[in-house]
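Data block below; observations after.
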Amino acid sequence: MFVNEWVKKTGVQVDTVPYKLTLETVDMVRGYDGVSISEAGKFDSSIFPQLSKYGIKHLAQRTSGFEGFDLEAAKRSGIIITNVSSYSPESIAEFTLMLALQLVRRSKDLDQRVKRFDFNWSPEVRGKVMKEQTVAIIGVGRIGYEVAKLFKAFGSTINGYATHRNKNANDLFEYKDSIEEAIHNADIITLHIPGKEKNHHLFDKKMFNKFKPGACLINTSRGSLVNTSDLIEALDSGRVSAAALDVYENEAEYIPGKHEEISDTVFKELLNHPKVTFYPHCAYYTDVSMRNMVHYALDSIIEVIETGDSFSRVN
């Protein structure tokens, strides 16, 4: 649908295939002027020389994440990598708010009780009011800024942390000088930072021990930010009262897809944990996001063909 919209607008031929770009499928790019992919995991760098051999000078990633690409290897083969850095911050922000509401109103526990025909009221399912919550937003870029606007509308107190500060955000929240300062009194901690190497397992046992006891964690950013085993330990101890996750650090093997069995024991423990709500990396998945991801990626292909470079280039 979204590809056809773009084709109708531009008159450019676009062919789509239902499988990933691998060494086994790379021959299919022969004769084309550009290639767009949506790579969630580690991209095989041995594909780059083959792309160059077939005259492909550009891979247009349709998502914001490009951590799976060896950018230097791509450059050595003369391959430009572009991404879609922002396709719908509102989509992810709204999903984040949905998760926060589920946590403070204990919707998972309520759903499980209803399935057992248990309609009693008790302190275990008594909710909280969002206005009385302190929220720490870690990463206040495009998405974090939209998240802050939504929590502000509820009257929450907001602590913000970002390496680069947005002066226009000062009326929404108070900037803190460190992650530790932002989270120390927060009831809800929500992550919106990239999955760069320096951020790998940034939220581990040491960081969880700095949480306010009983705080909740939301991650709609990158799974690699969280040491999953340490999170499970923090949940079991009660240091973290609940977690709502849209990502998992080793999700590429499973998401997207339908599976009869999960062999990853840590992932299985996470999915079965009573204090965890998990979704399959779908916070972004709205019609607006999909349209923008497709259109912006295809636009970048035309840009590279016509100019030899792109403003969306990441290498």
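Counted over the chain, the DSSP beta bridges are approximately 5% antiparallel.
Would you please classify the overall shape of the stretch 241-288 from the alpha carbon gyration tensor, given that a ≥ b ≥ c denote the square roots of the eigenvalues, rounded means a/c under 1.5, and beyond that prolate means a/b larger than b/c while oblate covers the rest? Before the final figure, lay out the partial values.
Details: a/c = 2.28, a/b = 1.19, b/c = 1.92.
Oblate, since a/c reaches 1.5 and b/c is not below a/b.
Take the Cβ-Cβ distance between GLU174 and SER45 as r, set R0 to 30 Å, and report the resulting FRET efficiency rounded to the nearest 0.05.
On the way: r = 43 Å, r/R0 = 1.44.
So, using R0 = 30 Å, E works out to roughly 0.10.
Overall, the chain carries a charge dipole of about 700 debye about its Cα centre when +1 sits on the Cβ of Lys and Arg and -1 on the Cβ of Asp and Glu, all other atoms neutral.
Going by Cα centres, the stretch 218-268 and the stretch 68-112 are how many Å apart? Here the two parts' Cα centres lie 14 Å apart. Overall size of the stretch 18-151 from C-alpha positions, given as principal axis extents largest first: 67, 35, 20 Å. Here the stretch 58-97 yields Rg over Rh of 1.16, to two decimals, using C-alpha coordinates and the Kirkwood radius.
Per residue, the chain exposes 54 Å² of accessible surface when a 1.4 Å probe is rolled over the protein heavy atoms with every protein chain present. When the Gaussian network model of the chain links Cα atoms closer than 10 Å, the mean-square fluctuations of PHE211, PHE117, PHE278 top out at PHE117. Cα centroid separation, the stretch 162-202 to the stretch 1-54: 36 Å.
Simple spin-label estimate for THR307 and LYS196 gives 2.4 nm between the two label positions (7 Å along the Cα-to-Cβ direction from each Cα).
Note on the stretch 206-247: Cα-Cα pairs beyond 16 Å make up 26% of the total pair count.
Roughly to the nearest percent, how much of the accessible area of the stretch 190-315 is carbon and sulfur, given a 1.4 Å probe? Let's see the in-between values first.
Numbers: 3230 of 6200 Å².
C and S fraction of accessible area: 52 percent.
For the stretch 72-129, the Kirkwood estimate of the hydrodynamic radius, built from every pair of different alpha carbons, is 15.2 Å.
Given +1 at the Cβ of Lys and Arg, -1 at the Cβ of Asp and Glu and no other charges, the dipole of the stretch 163-225 around its Cα centre is 220 debye to the nearest 20.
Our Cα-only numbers for the stretch 91-183 put the radius of gyration and Dmax at 15.7, 51 Å. In vacuum, with every alpha carbon of the stretch 84-240 counted as one equal point scatterer, what does the Debye formula give for log10 I(q)/I(0) at q = 0.12, 0.20 Å⁻¹? Two decimals, please. At q = 0.12, 0.20 Å⁻¹ the computed log10 ratios are -0.52, -1.35.
Each Cα pair under 8 Å and six or more residues apart adds its separation to the average, and for the stretch 116-233 the resulting relative contact order is 24 percent.
Give me the Debye-computed log₁₀ of I(q)/I(0) at q = 0.17 Å⁻¹ for the stretch 271-315, equal point scatterers on Cα only, no solvent, two decimals. Debye output, listed in q order: -0.64. Length, then width, then depth: along the principal axes, the Cα atoms of the stretch 173-250 run 30, 30, 20 Å. Helical content of the chain, expressed as a calculated mean residue ellipticity at 222 nm, amounts to -10000 deg cm²/dmol (DSSP H runs of 4 or more residues, -39,500 (n - 2.57) each, divided by residue number, nearest 500).
Take the Cβ atoms of ARG165 and ASN209, set R0 to 30 Å, and the FRET efficiency comes out at 0.65.
The C-alpha radius of gyration of the chain, expressed as a fraction of 2.2 N^0.38 Å, stands at 1.09. If you wrap the tightest convex hull around every Cα atom of the stretch 234-315 and split its volume per residue, you get 160 Å³.
The values are calculated or read from the model by the stated rules, or taken from the named source; none is laboratory data. It should be emphasised that the depicted structure is a prediction, and the values quoted were computed from it without experimental measurement. FYI the Cβ positions are ideal-geometry reconstructions off the backbone, even for glycines, and counts take in every protein chain you see. Side chains included, ligands, DNA and RNA excluded: accessible areas come from the protein's heavy atoms. Shrake-Rupley method; radii C 1.70, N 1.55, O 1.52, S 1.80 Å.
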